[in-house]
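Accompanying notes for the structure given below.
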Amino acid sequence: MNRAALTALTALAPISWGSTYVVATEFLPADRPLFTGLMRALPAGLLILAATRVLPRGAWWGKAAVLGALNIGAFFPLLFLAAYRLPGGIAAVVGSVGPLFVVGLASVLLGERFTTRALLTAVAAAFGVSLVVLRAGAGFDLVGVLAGLAGSLSMSAGTVFTKRWGRPEGVGPLVMTGWQLTAGGLLIAPVALLVEGAPPALDGTNIAGYLYLALANTAVAYWLWFRGIERLTATSATLLGPLSPITAAVIGWAALGQALTPVQLLGMLIAFGATLAGQLRPRRPAAKAPEKAPAKTAGKTAGKAPGKAGRRAGERAEDPAAPASVPPPGERAPAAVPGAGGTGG
């Protein structure tokens with residue numbers, strides 16, 4: 001698969017996540033963010049484990065738990081806490097700083113080159129998202145902002161460590177997705193029970209919403225995401241993230257009748273442009289051509305008086321019957337001159 005096709009498939013993950021807001025507000029019970037996070041992660045993880053029947057081995061029990069905590073178990077509760085304490089616009093802007101975290105972490109943990117272009121691209125993406133989602137008079141809550149930053153840092157660290165550790169030999173991205181979703185869901189379960197109590201009663205609309213979140217929005221989307229992280233650079237992958245708030249704004253306009261202002265459209269263009277710029281490969285310094293040894297030319301010897309060997313050769317040319325001369329002891333026969341034949345050095 002070429003890089004363009006891989007990037008397009010990976011981009012389907014943040015595009016899918018852009019539908020989370022409308023599904024949560026239109027199809028799911030209100031005020032149950034932790035239960036929603038649990039229903040997104042654990043059923044999908046258990047379903048993948050049942051289908052693949054592959055469990056971690058050795059050190060991968062610990063690694064899968066760490067990745068599940070960073071990408072799912074810690075990220076989901078912090079994300080929902082920020083969403084409930086902050087207006088949606090501010091929460092999205094706080095989350096959009098993720099590429100900045102990834103640029104820094106990738107340079108330290110992965111050895112990816114820290115470039116000014118990557119930094120400016122990440123800043124442009126966050127600025128474009130802010131134009132799309134911010135509204136006048138949006139409130140500010142310190143706890144919500146800290147939760148949003150912590151959640152963004154958690155997901156960014158999970159992205160980098162997913163890239164750094166890779167996966168065990170013979171284990172595919174789908175199995176890795178199942179491990180992480182299950183580990184993250186098991187971490188959320190006790191927190192949801194302690195904070196929100198028993199699960200709510202669900203109707204058909206709620207069940208349909210949770211099925212969509214668990215299957216398309218989580219199992220398939222995270223499989224595509226982890227698969228893309230493995231093959232793209234961490235910075236390129238995370239700079240696909242602005243597609244999520246862009247998708248959310250488009251769905252809000254198309255499905256909920258929300259207006260899009262010229263400023264929002266400008267923000268979409270900036271964020272989308274930053275996303276495209278983030279997929280460009282950094283220029284590599286041009287390799288220096290190997291230096292050729294200076295070729296000797298016949299011109300260097302032109303005009304010089306012939307040596308003993310030359311005189312003897314001339315004598316033989318005049319007298320074909322003359323025996324071939326042998327160099328006296330200590331004197332070597334003349335060697336061929338490199339490059340004299342016109343073939344180069």
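The values are calculated or read from the model by the stated rules, or taken from the named source; none is laboratory data. Nothing here was measured: the structure is a model prediction, and the numbers come from that model. In this analysis, Cβ positions are derived from the backbone assuming ideal geometry, glycine residues included, and neighbour counts consider all displayed protein chains. The accessibility values were calculated without ligands, DNA or RNA, using every heavy atom of the protein model including side chains. Shrake-Rupley method; radii C 1.70, N 1.55, O 1.52, S 1.80 Å.
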Can you work out ³J(HN,Hα) from phi for every residue in the range 94-107, in order, using Karplus 6.51 cos²θ - 1.76 cosθ + 1.60 and θ = phi - 60°, giving whole Hz and x for Gly and Pro?
-> 4, x, 6, 7, x, x, 5, 4, 5, 4, x, 5, 5, 5
Shape call for the range 26-131 from the C-alpha gyration tensor, a ≥ b ≥ c root eigenvalues: rounded (a/c under 1.5), prolate (a/b greater than b/c) or oblate?
-> oblate
Solvent-accessible area, 1.4 Å probe, carbon plus sulfur percent, for the range 120-239 = 71
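Per residue, how much accessible area does the range 11-60 show when a 1.4 Å probe rolls over the protein heavy atoms, in square angstrom? Before the final figure, lay out the partial values.
Details: 2440 Å² over 50 residues.
Heavy-atom SASA per residue in the range 11-60 reads 49 Å².
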Pairwise centroid distance, computed over Cα atoms, of the range 177-197 with the range 209-270, Å = 23
Determine, for each peptide in 211-217, 128-134, the mean count of other beta carbons within 10 angstrom over its residues, then list the peptides with the highest first.
-> 128-134, 211-217
Once phi for every residue in the range 15-24 is put through the Karplus expression 6.51 cos²θ - 1.76 cosθ + 1.60 (θ = phi - 60°), the whole-Hz ³J(HN,Hα) values, with Gly and Pro written as x, are 5, 5, 5, x, 8, 4, 4, 5, 5, 5
Sorting PRO190, GLY228, GLY178 by the position of each Cα along the dipole of the range 102-229 (Lys, Arg +1; Asp, Glu -1; all at Cβ), the one nearest the positive end of that ordering is GLY228
Enumerate the calculated ³J(HN,Hα) couplings along the range 51-68 in order (Karplus 6.51 cos²θ - 1.76 cosθ + 1.60, θ = phi - 60°), each rounded to whole Hz, writing x wherever the residue is Gly or Pro.
-> 6, 8, 6, 10, 10, x, 10, x, 5, 6, 4, x, 5, 5, 5, 5, 5, x
